[in-house]
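Worksheet for the structure shown next.
Rule-based calculations on the coordinates, nothing more; no lab input. All values reported here derive from a predicted model rather than from experimental measurement. For neighbour counting, all protein chains shown are included, and Cβ atoms are generated from backbone atoms with ideal geometry for every residue, glycine included.
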Amino acid sequence: EAPSGAGSAHKFPEGFLWGSATASYQVEGAVHADGRGVSIWDTFSHTPGKTFDGDTGDVADDDYRRYKEDVQLMKALGLHTCRFSIAWPRIFPEGTGAPNPKGLDHYNRVVDELLANGIQPYATLYHWDLPQALEDKGGWQSRATSEAFAHYAGYVTAHLSDRVRHFMTTNEISTFTELGYGTGTHAPGLKLSRAGLAQVCHNAVLGQGLAVQAIRASARPGTKVGLAENIIAVTPVVNTPEHIQAAAIAMREENAPYMNVVQTGEYTDAYLKRLGADAPKFTPEDLKTISSKLDFAGINIYQPTYVRASDSPEGYAIVPPPASYPHMYSPWITIGPEALYWAPKLATQIWNIPELYITENGASSADVMTPEGTVLDTDRVMYLRNYLTQLHRGVSEGVPVKGYFLWSLLDNYEWADGYEKRFGIHYVDFKTQKRTPKLSAAFYKEVIARNALG
Ligand code: PNW
């Protein structure tokens, strides 16, 4: 008799979508192919001292040329869906003006290849590769970029929405604004004043809203529009009503200029008060545009932010992790599986979201290839198993999560961390471009096959 412990534990609902996620600049390479324009990440990564070891996305996973092989990796896993991003500078090399048909052709081929293999494409329109020509005119500091983004979004969706039925406008507005224009650790590497950064955030959420409107105007009827946002995943320190209530307040306030304004059309009083004279300049019309109705929302969740009730005017306090708190290979990925229970639950309740996706979840590991040619990433498997268990807990309580996209299919260009931090469930030898499934790929394949964790 087989030992117990395996079986149908933690079954997900029928039709739950299992996917993987990638982004154009992190996997494509081929930065000069077929008329692609320069993006801010080309400029930034080629600026000495900005990225780990001077790493750039010039070659990355060479997925621009190897996409068929990568679709076969997805098929072998049994994926139902895949999230990928479209490089704006391939479509409009200068950001605006004349489109580049060869750029669009590439994504036509990718979409056709996915569909031919039974994989539903979910496309992100902006995963941080802003055309450099727009940055030269102020980038997200300028409202002209918000308008150019909407135009690009309408153009792409007009051409792909006969086959791509789900689009995400932006990926992680909070990350690309704060790191790109605040700390300067991501492209374009600016350190603006508090007021300057607040205006960048405003222009980015405005661009998101304008893009939603442009997509509604030009895409095939029934095309679903959402976004993928790295919300602060507030998690009550103790599961008692007072701390859960504090986490709900924190969900609004901590995400005030990002997901909260997108969902509600209002900047919170606390946010405006905190910024005072540095608050962004906006009109009531802007707020209506920013909160244009979405069909679904995506949240990227890697780590928890612990919250407790407090006597402060806000009614909550953030609890920072002590130095001993465990994390994955990237120090910022502190391990808190219950974030994948609380964040979807609170987000869907507070913002009344009808359809939610986990558009990214995953982790870096200090992966090494064994002499036998495998990668035994038991830490990533541990991480995924525990986070998915908490996701399951929410789904079985009725939290409307429709699908999960694991970051990432492949080791890839991890922005300022270059190739040092690997997030893939397939190992990539960056000298030969050989892909090898890690232990985590075998784990994920089993989860998908059983639609369950056990
Ligand atoms: C996300 N942080 O980025 C992105 O959407 C991906 O492109 C990226 O590869 C993935 O997560 C893993 O990092 C983030 O410092 C980058 O908090 C940095 C942070 C969060 C998200």
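At-a-glance table
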{"quantity": "Pair Thr283, Val368: separation of 7 Å Cα→Cβ label points (nm)", "calculated": "6.1"}
{"quantity": "Mean residue ellipticity (222 nm) of the chain, computed from DSSP H runs ≥ 4 via -39,500 (n - 2.57), nearest 500", "calculated": "-11500 deg cm²/dmol"}
{"quantity": "Amide N proximity, segment 12-27 versus Asn117 label position 7 Å along Cα-to-Cβ, cut-off under 19 Å", "calculated": "17-27"}
{"quantity": "Of every Cα-Cα pair in segment 320-386, the percent that sits beyond 20 Å", "calculated": "45"}
{"quantity": "Pairs beyond 18 Å (Cα-Cα), from Lys11/Lys445; Lys345/Lys402; Lys11/Lys75; Lys293/Lys345; Lys288/Lys345; Lys50/Lys191", "calculated": "Lys11/Lys75; Lys293/Lys345; Lys288/Lys345"}
{"quantity": "Where a label projected 7 Å from the Cα of Lys191 along Cα→Cβ would reach, residues of segment 272-301 with amide N under 14 Å", "calculated": "none"}
{"quantity": "Sites Thr47 and Lys11 - FRET efficiency at Förster radius 35 Å, r taken between beta-carbons, to 0.05", "calculated": "0.10"}
{"quantity": "Cα gyration tensor, segment 222-325 - rounded (a/c under 1.5), prolate or oblate", "calculated": "oblate"}
{"quantity": "Length added when fully stretched, Asp295-Ala270, from 0.36 nm per residue minus Cα-Cα", "calculated": "6.2 nm"}
{"quantity": "Whole-Å semi-axes of the ellipsoid equivalent to the chain (Cα gyration tensor, √5λ, descending)", "calculated": "30, 29, 22"}
{"quantity": "Relative contact order (percent, whole number), the chain, Cα cutoff 8 Å, 6+ residue spacing", "calculated": "19"}
